[in-house]
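Here is the structure we will look at.
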Amino acid sequence: MAVDDPHLPQQVPIEAYGDGGFRFAGMRHAGSLLSLPSGLYGWRPTNLDDVTVEDLASLIGQRDIIPFVLFGVGETLKPLPAPLLEALKDKGIAAEPMDTGAACRTHNVLLAEQRAVAAALLQIP
């Protein structure tokens with residue numbers, strides 16, 4: 001599943017997370033978020049069990065410029081399902097699962113270091 005038009009056509013730090021969404025650049029987004037070099041996008045899945053390989057299409061489409069994806073899996077760390085790991089590995093993308101808060105913080109540090117970063121961030125209710 002492709003993501004919609006970006007909320008922003010560039011990446012910016014995540015200012016806050018929780019309560020079912022994220023804040024960035026003075027805006028609030030309800031739901032999950034996909035941060036790619038091409039911008040910040042609303043993302044369909046609401047929890048780890050809801051993520052499909054199709055939900056990774058936009059991420060995989062930018063694999064030439066991202067070496068790995070930070071995968072914020074929700075409130076607590078859980079392993080990524082095997083089909084998701086395999087789909088990413090087959091396209092040469094390493095996945096770093098972590099709780100969503102840790103993924104947001106790591107995303108912000110990598111942005112500050114001007115490194116290529118991709119983050120699939122599942123909302124925290």
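The values are calculated or read from the model by the stated rules, or taken from the named source; none is laboratory data. Remember, it's a predicted structure, so these values are computed and weren't measured experimentally. Counting neighbours? That spans all protein chains shown, and the Cβs are built from the backbone with ideal geometry, glycine included. Ligands, DNA and RNA are stripped out before the accessible areas are found, and what is left, the full protein with its side chains, is counted by its heavy atoms. Shrake-Rupley method; radii C 1.70, N 1.55, O 1.52, S 1.80 Å.
Key figures
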{"item": "Residue tally, condition open to solvent by less than 10 Å² (accessible area, probe 1.4 Å) and either in contact with a Gly (Cβ under 8 Å, 6 or more places away or on another chain) or at pLDDT 95 or above (or both), over the stretch 111-125", "result": "5"}
{"item": "Residues of the stretch 84-99 satisfying the condition of being under 21 Å from GLN123 (Cα atoms) and in contact with a helix residue (DSSP H, G or I) (Cβ under 6 Å, 6 or more places away or on another chain)", "result": "ALA95"}
{"item": "Qualifying positions in the stretch 66-80 - among the hydrophobic types (A, V, I, L, M, F, W, C) and not in a loop (DSSP other than H, G, I, E, B)", "result": "PHE68, VAL69, LEU70, PHE71"}
{"item": "Single residue of the stretch 1-25 satisfying the filter (of a type outside the set (D, E, K, R) and over 20 Å from THR106 (Cα atoms)) that is modelled with the highest pLDDT", "result": "PRO9"}
{"item": "Qualifying strands (runs of 3 or more DSSP E) (wholly inside the stretch 14-65; at least 2 residues being open to solvent by 30 Å² or more (accessible area, probe 1.4 Å), of a type in the set (Lys, Arg) and at negative phi)", "result": "none"}
{"item": "Boolean, PRO83 is open to solvent by 10 Å² or more (accessible area, probe 1.4 Å) and in a loop (DSSP other than H, G, I, E, B)", "result": "no"}
